[in-house]
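Beneath this line is the structure, given in structure tokens, with notes to follow.
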4 protein chains.
Amino acid sequence: MTQIVPQSGNSWLSREELDSARERLPILYIDAIPVRVDEMGTVTSVGLLLRVTGHGQISRALVSGRVLYHERIRSALIRHLEKDLGPLALPRLPANPAPFTVAEYFPTPGVTPFHDPRQHAVSLAFVVPVEGDCEPHQDALELTWFTPAEALDERLQGEMAGGQGTLLRQALAYCGF
Amino acid sequence: MTQIVPQSGNSWLSREELDSARERLPILYIDAIPVRVDEMGTVTSVGLLLRVTGHGQISRALVSGRVLYHERIRSALIRHLEKDLGPLALPRLPANPAPFTVAEYFPTPGVTPFHDPRQHAVSLAFVVPVEGDCEPHQDALELTWFTPAEALDERLQGEMAGGQGTLLRQALAYCGF
Amino acid sequence: MTQIVPQSGNSWLSREELDSARERLPILYIDAIPVRVDEMGTVTSVGLLLRVTGHGQISRALVSGRVLYHERIRSALIRHLEKDLGPLALPRLPANPAPFTVAEYFPTPGVTPFHDPRQHAVSLAFVVPVEGDCEPHQDALELTWFTPAEALDERLQGEMAGGQGTLLRQALAYCGF
Amino acid sequence: MTQIVPQSGNSWLSREELDSARERLPILYIDAIPVRVDEMGTVTSVGLLLRVTGHGQISRALVSGRVLYHERIRSALIRHLEKDLGPLALPRLPANPAPFTVAEYFPTPGVTPFHDPRQHAVSLAFVVPVEGDCEPHQDALELTWFTPAEALDERLQGEMAGGQGTLLRQALAYCGF
């Protein structure tokens, strides 16, 4: 298959156009849960970002972002992982293209466990082992690694916004925890 | 969780707006492969539609369509299955929300096995057992049931447009064939 | 494919032979989590059995049992579901043959979250919608239906033996809870 | 979780005992499809072994073998991959413990697509990216890498015994081909 990059220039959206689309269409997202694995493939730790939310609150967060026009899901995953964890993170995407779950973030709270006041986002969620050096980038203050047992703690999950605590718990279950 | 229906009226897209969005954003779709199962859950037959394509050609097709703003994936699946197979089809959606695969239809041929000249569509694909009476509706000329062995035939798969023959083969593999 | 039933008579195991095999080989099991779903396929409740364990304790339990020689996985699932829930339960097995997880019950505690003092059992775990009337049978005292929110309660999960509380939580996560 | 190795000595099976068990119990196996992936996780090639079968015929084969008493599935996968591909293969097992499918090899042909005249084997099948140097070991004459398109060829799949051609096709479908 041909290697391809998202088209640049006038085929992308201005801020106003994106705002308008967000009121009319479900927007495609990816969520990635970065993990460290041992030589047997068992998850040994889960990486969570510390972010300042739009309301100035500090919140634990997964790697998350939009899929662009003409961008592969795999490319979007790599792009957002490198944006948040740095270019040396060495993510190892799974061989199968199906997400372990689909998180439907609704602008109306309570429709699903997931909520995004800005938009109706449909997010394909993946667990991604990272083998390299990870450093928080962009608007992430910190990257912290938790053991699966720590990540299962309901209080930790409660520190996450928009239902991402639920998504974290689902990711751990998918990995056998 | 609250039951919800897609919002009507001015929050939906006009034809012009949809055409514009299709040049700027990946559009979220579902593909459904309707199947008959026996009392053990084993697939006994696969339903394919016969459609007239935009170019006046006749083509075998899966159930396929767009997810609307503020619409659940499950609702979109039911809506498109009932639109194509009729209101008595009694689809039995799987309990887990993850698709068995994700088909990335690109406007550029050759990027993936899937191609849609109109748009960049990202489609969540599901195998859906149907228990009721199915009749082709809307623009479908016919609904034909094939055994898994017949559906594995490369010539049959070759009668499908946009890469749906590949998706059919992947669905059969997912069901153990 | 030919319909087949497990072979009877001398190809099965005596109690002594089974005890001997249990000390030498991993024994293949299935675990089934019976659920009720609504017309959209969303899980509305989860069924748990109340059993008296070998030690005279009362414990919540999943449907669980051995796969016999020359028995299909699907047949074993139906057999154990009907044995525990009665012949009118109408289980609807999923179309794909892969379990949502594999629970490795070790005779040594702590190797995995799953423990079985009698044997090394490897259990293929499935979520199974049931549509009919369910009544507890055999050694099950009671069948109780819990909402997903109730089933997520750590105390309820704590009432289950051998790590089945973990398996219940994983099943709920798989179904989007 | 405690690291553990299969118990040695008298808890394992003699050849006679294994032959006896094979007539009485389903035997737990793993099948592994070794793949090379690119930096995006997309499968670029699939590794097939060339073996001499018991009947002196030459046959393409997957990595396959028994799970031992008190052995983790993950350990069995690593053990068989290293046995067939050498100790430098560097297999990268997936983070989730569920197989992509379950192959039920019956001693009676025609019950499922899978057949093993020696026994009723239930095999958990995994796609495993390998990053290191692979060399055929033990009774494997050769290891050949095929592109996904080559591996989809029905003639190649026809060179495989016991239904492994079907399993190869299912693995490719699972990886998006």
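Derivation of every value follows stated rules applied to the coordinates shown; laboratory data play no part. Note that this is a predicted model, so its numbers are computed, not measured. Ideal geometry is used to build each Cβ from the backbone, glycine not excepted, and the neighbour counts take in all protein chains shown.
Brief remarks on what is shown
- Just one residue in the set A:110, A:54 is on the phi < 0 side of the Ramachandran plot and without any contact (Cβ under 8 Å) to a residue 40 or more places away in the chain; that residue is A:54.
- Candidates are the residues of region C:121-139 that are more than 14 Å from chain D (Cβ to nearest Cβ) and part of a strand (DSSP E or B); the one that is surrounded by the most Cβ atoms within 10 Å (Cβ to Cβ) is C:128.
- When the residues of region C:83-115 are filtered to those that are small (Gly, Ala, Ser), part of a loop (DSSP other than H, G, I, E, B) and in contact with a Gly (Cβ under 8 Å, 6 or more places away or on another chain), the one that is nearest to the other protein chains (Cβ to nearest Cβ) is C:95.
- Only residues that are buried (at least 19 other Cβ atoms within 10 Å of the Cβ) and either among the hydroxyl-bearing types (Ser, Thr, Tyr) or under 14 Å from residue C:41 (Cα atoms) (or both) were counted across region B:82-96, and they come to 6.
- For residue A:118: the one exception among (1) assigned to a loop (DSSP other than H, G, I, E, B); (2) touching a residue at least 24 places away in the same chain (Cβ under 8 Å); (3) within 14 Å of chain D (Cβ to nearest Cβ): (3)
- Among (1) within 14 Å of chain B (Cβ to nearest Cβ); (2) in a loop (DSSP other than H, G, I, E, B) - the single one residue C:78 does not satisfy: (2)
- Answer residue from region D:31-75, given it is within 11 Å of another protein chain (Cβ to nearest Cβ) and among the acidic types (Asp, Glu) and is farthest from residue D:94 (Cα to Cα) among those: D:71
- Looking across region A:140-177, the residues that are among the aliphatic types (A, V, I, L, M) and assigned to a strand (DSSP E or B) come down to A:140, A:141, A:143, A:160.
- Test: residue in region B:154-161 that is under 15 Å from residue B:32 (Cα atoms), within 14 Å of chain C (Cβ to nearest Cβ) and touching a residue at least 12 places away in the same chain (Cβ under 8 Å): no
- Among the residues of region B:77-103, those identified as touching a residue at least 24 places away in the same chain (Cβ under 8 Å) and either of a type in the set (Gly, Ala, Ser) or in contact with a helix residue (DSSP H, G or I) (Cβ under 8 Å, 6 or more places away or on another chain) (or both) are B:86, B:89, B:91, B:93, B:97, B:100, B:101, B:103.
- Lone unmet requirement of (1) basic (Lys, Arg); (2) surrounded by fewer than 16 Cβ atoms within 10 Å (Cβ to Cβ); (3) free of Cβ contacts under 8 Å to residues at least 40 places away in the same chain for residue D:74: (2)
- Selection status of residue A:64, buried (at least 19 other Cβ atoms within 10 Å of the Cβ) and in contact (Cβ under 8 Å) with a residue 40 or more places away in the chain: yes
Residues are listed down the side, and each one gets a yes or a no for (1) within 14 Å of the chain's Cα centre (by Cα); (2) under 27 Å from residue D:29 (Cα atoms):
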position	(1), (2)
C:66	yes, yes
C:79	yes, yes
C:87	no, no
C:98	no, yes
C:117	no, yes
C:135	no, no
C:145	no, no
C:153	no, no
C:167	yes, yes
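- Every test in (1) crowded, with 18+ Cβ neighbours inside 10 Å; (2) more than 8 Å from every other protein chain (Cβ to nearest Cβ); (3) aromatic (Phe, Trp, Tyr) is passed by residue B:145 save one, and that test is (1).
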